[in-house]
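Working notes for the structure below.
Nothing in this text is a laboratory measurement; each read-out follows from the coordinates by a stated rule. Values in this document were obtained by computation on a predicted structure and should not be read as measured data. All Cβ positions, glycine included, derive from the backbone under ideal geometry; neighbour counts span all protein chains shown.
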Amino acid sequence: MDQMIRVLARGGDCLADIALLRARPERFSPVAPDPTVSRLIARLAADAARALKAIRAARASARARAWTLADHNAPGANGELIPLDLDATIVVVAHSDKDQATPTWKKTFGFHPMTVFAHHEAAGSGESLAITLRPGDAGSNTAADHIDTTRLALAQLPKQRRCQVLIRTDSGGDTHDFLSWLTWPGRWLNYSIEFTLTDDIQTAILRLPKTAAPAR
């Protein structure tokens, strides 16, 4: 498993890419043969839920260690909120035999995963916390998927940082169920949700008397 992680870090995208390590014997320890790699993946797939749980725990542990070593340069170390950007994105594939690949609303074919990235602002680009695989025809505003993916993302953060976040979504997150989950008593999450401001809504707002505006 350690060797496959190294392959991913070096840009590999399939099991055969373990050859990237095998080509550098002076740098990497002896690399497992292809049949051994295939057997490992088959073993993990036999109990996918258990494998995912272990992988997620390992990722969270590694991140906590990395952020500890980063000290005051770690996200949120100075008390600032850590932006978590939640979004669904289309991934196009060319073949119809991929698991969960379906037509998308953009008239392409592929997947519609839900993603959460920790945005490091000026300090760097986004850090992937959670990606939930969904079929291509999955909705952009499915509250259950927003909730599940946000749960997974929060579990990836060090415990002392899990309430120190600003969860941001586009209008896809503007649903009653997701907002109710975010604001559940005791959850203490900051959030910023976009919503479509239609002409009717603007007209209704302009009709409100000045006395209806909240005091500042």
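For residue 110, what residues show an amide H to amide H distance below 5 Å, using hydrogens built from the backbone and excluding near sequence neighbours?
Under 5 Å from the amide H of residue 110 lie the amide H atoms of 93, 102, 104, 136, each far enough along the sequence or on another chain.
Ranked from highest to lowest mean number of other Cβ atoms within 10 Å per residue, what is the order of the peptides 149-158, 50-59?
Ranking, from highest mean packing down: 149-158, 50-59.
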